[in-house]
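Encoded as structure tokens, the structure appears first; notes follow it.
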Amino acid sequence: MPKNKSMLKILIVANWKMNPKSPIEAKRLFEGVQRGTKNVKNVEVVICAPFVHLCLMQPPLNPPLTKGGGGVRIGAQDCFWEQKGAFTGEVSPIILKNVGCEYVIIGHSERRQYFGETNETINLKLKAALAAGLKPILCIGEKEEEREYFKDILVRQLAMGLRDLNARQLSVLSIAYEPVWAISTSGGHHDCSPEDAFSAYLMIKKFLITKYGKSVAERIRIIYGGSVDSKNAAFYIKEAKMEGLLVGGASLNINEFTKIITTIEK
Ligand code: PGA
């Protein structure tokens, strides 16, 4: 499958959320994905694990990436906006960098919903993650009751989330469009059609081009998340033109996650 216009690879990110429940299971799942994707060249595979499992995923279990970029990259699901200090319970971007993280998810809808994250705190976290040399994946998306005016919601999340970031910083950013109503665990969810995903894709691209110019916008991958599985993955890439996928539930099943990646790799 072709890479996107700026020749960035398709990005497929596993969001393990608060799973699995032991280091042994995390290791098994990680090794299974490694085995299943060892010949993958055209897709960038990232696993975003709970903080405590991140230390497992270092060499020798996770050898350095091959020349062609093959291998599994690791990421976190959140970070704090300060690099160090007396912030009990928090994990800073610099700590994540030092345990081998390359990516970090910021502003996931579950963090917005259950942990009081706002566009302002998300903006602080993005800046801190970038300062530590991480590649942030900014999550945006409307709730069920906001569907009629979803464009306004997305514009606000983008404008406030990306406030004061410059073109150079934005070149390592990805944006995940995750309609909250399509997330598998959101309760009463329905599927997001490739047409709806494509209309969000166009709207986000247009926002980026207008604000930052075409060459910056082309470096930012827009990926889709919400009930992705091996049956619908290709539709979001081919029909909705998405430049990657953020996969929750299906990423906990080695065969299913591997199938998503190998389907897109073809
Ligand atoms: P899902 O989760 O694939 O289980 O819908 C996606 C997400 O919340 O990132």
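Computed from phi, the 3J(HN,Hα) profile of region 95-111 under the Karplus parametrisation 6.51, -1.76, 1.60 (θ = phi - 60°) reads 4, 4, 4, 6, 9, x, 6, 10, 10, 8, 7, 10, x, 4, 4, 5, 6 Hz, with x in place of Gly and Pro. For E120, project a label point 7 Å along Cα to C-beta. Then give me every residue of region 63-96 with its amide nitrogen under 18 Å of that point. Output list for this probe position: 80-82. What the Cβ-Cβ distance of R28 and A234 gives, at R0 = 35 Å and to the nearest 0.05, is a FRET efficiency of 0.80. Straight-distance candidates among the lysines for linking to K231, with alpha-carbon spacing under 17 Å and chain neighbours fewer than 8 residues away dropped: K241, K259, K266. Residues of region 116-140 with amide nitrogen under 12 Å from the 7 Å Cα-to-Cβ point of M160? Within reach of a label on M160, which here means backbone N under 12 Å from a point 7 Å along Cα→Cβ, region 116-140 contributes 117-124.
Shape summary: region 36-185 maps onto an equivalent ellipsoid whose semi-axes, from the alpha-carbon gyration tensor, are 26, 19, 15 Å in decreasing order.
Using the Cβ of Q113 as centre and a radius below 15 Å, the other residues enclosed give a net charge of -4, where K and R count +1 and D and E count -1.
The base-10 log of I(q)/I(0) for region 120-196, evaluated at q = 0.14, 0.21, 0.22 Å⁻¹, reads -0.52, -0.95, -1.00 [Debye formula, identical scatterers on Cα atoms, solvent excluded]. Once you sort the root eigenvalues of the Cα gyration tensor of the chain as a ≥ b ≥ c, which label holds: rounded (a/c under 1.5), prolate (a/b larger than b/c) or oblate (the other case)? Judged from the Cα gyration tensor, the chain comes out rounded (a/c under 1.5). Dividing the mean sequence gap of close Cα pairs (under 8 Å, 6+ apart) by how many residues the chain holds gives a relative contact order of 21 percent.
Modelled spin labels at K21 and V172, positioned 7 Å past Cα toward Cβ, are 3.7 nm from each other. Within the chain, the whole DSSP H helices whose Cα atoms reach 20 Å or more along their own axis and whose mean Kyte-Doolittle score is at least -0.5 are 194-212. Charge dipole (Cα centre; +1 on Lys/Arg Cβ, -1 on Asp/Glu Cβ; no other charges) of the chain amounts to roughly 1120 debye.
Computed from backbone phi, the HN-Hα couplings of region 61-66 come to 4, 10, x, x, 4, 6 Hz, rounded to whole numbers (Karplus: 6.51 cos²θ - 1.76 cosθ + 1.60, θ = phi - 60°; Gly and Pro given as x). Segment E148..T210, full-extension length gain: 20.0 nm, with 0.36 nm per residue of separation and the alpha-carbon distance subtracted. Pop the C-beta distance of H190 and V99 into the FRET formula with R0 = 35 Å and round what comes out to the nearest 0.05. Computed FRET efficiency for H190 and V99: 0.40. Size descriptors for region 222-266, from the alpha-carbon set: Rg then Dmax equal 9.4, 25 Å.
When the C-alpha to C-alpha distance is required to be over 32 Å, the pairs from K84/K151; K27/K143; K17/K38; K127/K206 that qualify are K84/K151; K27/K143.
Bear in mind these aren't lab numbers, they're just calculated from the coordinates by the rules spelled out. What you see is a predicted model, and the numbers here were worked out from it, not measured in a lab. For neighbour counting, all protein chains shown are included, and Cβ atoms are generated from backbone atoms with ideal geometry for every residue, glycine included.
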